[in-house]
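Contents: one structure, followed by commentary.
The values are calculated or read from the model by the stated rules, or taken from the named source; none is laboratory data. This structure is a prediction, so every number in the text was calculated from the model and none was measured. So basically every Cβ, Gly included, is an ideal-geometry build from the backbone, and we count neighbours across all protein chains shown. SASA here: full protein model, heavy atoms, side chains in, ligands and nucleic acids out. Shrake-Rupley method; radii C 1.70, N 1.55, O 1.52, S 1.80 Å.
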Amino acid sequence: MFGAIGTGILVLALFRLAQPIFAPLFFSLLIIALMWPCQLALQRKLPRLVALFITLSLTMAAILALGSSVAWGLTQLGHWLFLNAERLQAIYTVWADWLEQHGVPVMGTLSDRFDVRWLVGFMQSMAGRLNSFAGFAMLVLIFVMLGLLEVDEFGTRLASPSAQPHGSRILAANRTIAAKLRRFMIVRTAASVLTGLVVWVFTLGMGLELAAAWGAIAFALNYIPFIGPLVATTLPTIFAVGHFGSWEMAVVIFACLNVIQFVIGSYLEPRLTGASLALSPFAVIFAVFFWSFMWGVSGAFIGVPVLIAFVVYCEGSPSAGWLAAILANKTAEVPDA
């Protein structure tokens with residue numbers, strides 16, 4: 001028992017230290033699981049390398065579209081902040097005076113150092129980090145290319161007699177994981193598109209500027225459970241304070257955006273996902289925050305897929321079946337009496 005715990009700690013420490021390699025590797029495994037049906041269908045009609053080129057092109061287009069939507073939204077926000085810096089500074093001064101009059105002193109360091117230019121620079125740096133995602137994406141592309149070329153050979157090696165009985169178990173688990181990941185990402189993409197459209201329509205109807213940017217940010221960040229929707233609702237709320245100059249409107253926008261996120265993320269999406277992908281909410285939250293601690297934004301994005309793969313492997317192991325029962329929402333799979 002203690003040996004297994006120590007081995008697990010060492011493996012996690014290796015993942016943490018070797019983030020530049022393992023984060024793109026895990027991300028590429030997710031993409032391979034998602035894109036392999038496309039590659040298989042294409043190479044039945046086209047030469048293998050031509051099919052691989054088309055699959056990689058579609059993959060890069062999807063990654064660039066996702067990253068560019070956030071970068072574009074943050075860039076638009078930073079440009080608006082730069083143009084309205086004096087207005088925001090005046091609003092801050094009014095709020096600080098109001099707090100002072102009602103017995104809520106503002107910290108001297110915050111009052112002295114507050115500068116809207118710092119906020120503008122912060123938003124632009126976030127957009128710059130997203131734009132510098134090209135290096136990460138290039139390494140992922142290399143892993144995906146090599147992986148797609150070896151899927152057939154890897155499956156043959158696992159099915160060989162010398163790899164039994166473990167090879168057949170791994171092969172069956174990998175097929176189950178790939179099917180679940182494809183279903184998960186299809187539902188997540190549909191929910192993200194719907195969230196982005198609803199947020200765009202709502203902010204446009206409320207008269208909040210940069211409605212398209214809020215919709216793009218909500219669409220992209222919805223792929224990250226809990227953390228993404230929180231950021232996608234907090235940013236427009238803070239922006240609404242400066243835009244309307246009223247905390248009442250900010251509260252209304254914050255409440256409505258949370259209702260939108262709750263209805264789509266907590267009601268509609270679980271119904272579309274189904275019981276086969278039902279996971280413990282605590283396990284999902286832990287996976288997102290743990291892998292975001294390990295690998296940052298990329299870890300937060302693949303935290304749930306890693307959890308899905310872990311649960312499937314535990315289900316296939318007699319000694320770890322109890323762990324899968326804890327992490328998965330088994331009550332959703334029990335039929336009504």
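General observations
- Which listed residue, of F244, F226, F301, F282, is free of Cβ contacts under 8 Å to residues at least 40 places away in the same chain and within 30 Å of L17 (Cα to Cα): F282
- Test: V11 is among the β-branched types (V, I, T) and surrounded by fewer than 15 Cβ atoms within 10 Å (Cβ to Cβ): yes
- Residue within the range 213-236 that is assigned to a helix (DSSP H, G or I), open to solvent by less than 20 Å² (accessible area, probe 1.4 Å) and more than 17 Å from L194 (Cα to Cα) present: yes
- R157 vs. criteria touching a residue at least 12 places away in the same chain (Cβ under 8 Å) and of a type in the set (D, E, K, R): no
- Counted residues, the range 274-300 - those being of a type outside the set (A, V, I, L, M, F, W, C), closer than 16 Å to I224 by Cα and assigned to a helix (DSSP H, G or I): 4
- Condition check for L210: surrounded by 13 or more Cβ atoms within 10 Å (Cβ to Cβ), under 23 Å from P37 (Cα atoms) and either touching a residue at least 24 places away in the same chain (Cβ under 8 Å) or not hydroxyl-bearing (S, T, Y) (or both): no
- Restricting A159, A179, A163 to residues that are at pLDDT below 85, surrounded by fewer than 17 Cβ atoms within 10 Å (Cβ to Cβ), among the hydrophobic types (A, V, I, L, M, F, W, C) and under 27 Å from C314 (Cβ atoms) narrows the list to A163.
- Residue count for the range 301-324, restricted to those that are surrounded by 14 or more Cβ atoms within 10 Å (Cβ to Cβ), at pLDDT below 85 and part of a helix (DSSP H, G or I): 2
Conditions (1) assigned to a helix (DSSP H, G or I); (2) exposed (fewer than 14 other Cβ atoms within 10 Å of the Cβ), marked per residue:
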position	(1), (2)
F15	yes, no
P20	yes, yes
A23	yes, no
F27	yes, no
I31	yes, no
Q39	yes, no
K45	no, yes
V50	yes, yes
L56	yes, no
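- Count - residues of the range 14-68 that are within 14 Å of F143 (Cα to Cα), aromatic (F, W, Y) and in contact (Cβ under 8 Å) with a residue 60 or more places away in the chain: 4
- Annotation note: of L64, L29, L17, L34, the sole residue that is under 23 Å from S292 (Cα atoms) and in contact with a Lys or Arg (Cβ under 7 Å, 6 or more places away or on another chain) is L34.
- Every residue from the range 182-207 that is in a helix (DSSP H, G or I), among the small types (G, A, S) and either over 15 Å from L66 (Cα atoms) or open to solvent by less than 50 Å² (accessible area, probe 1.4 Å) (or both): A191, S192, G196, G205
- Of all residues making up the range 237-262, the number that are within 17 Å of I217 (Cβ to Cβ), open to solvent by 40 Å² or more (accessible area, probe 1.4 Å) and either at pLDDT 90 or above or not in a helix (DSSP H, G or I) (or both): 3
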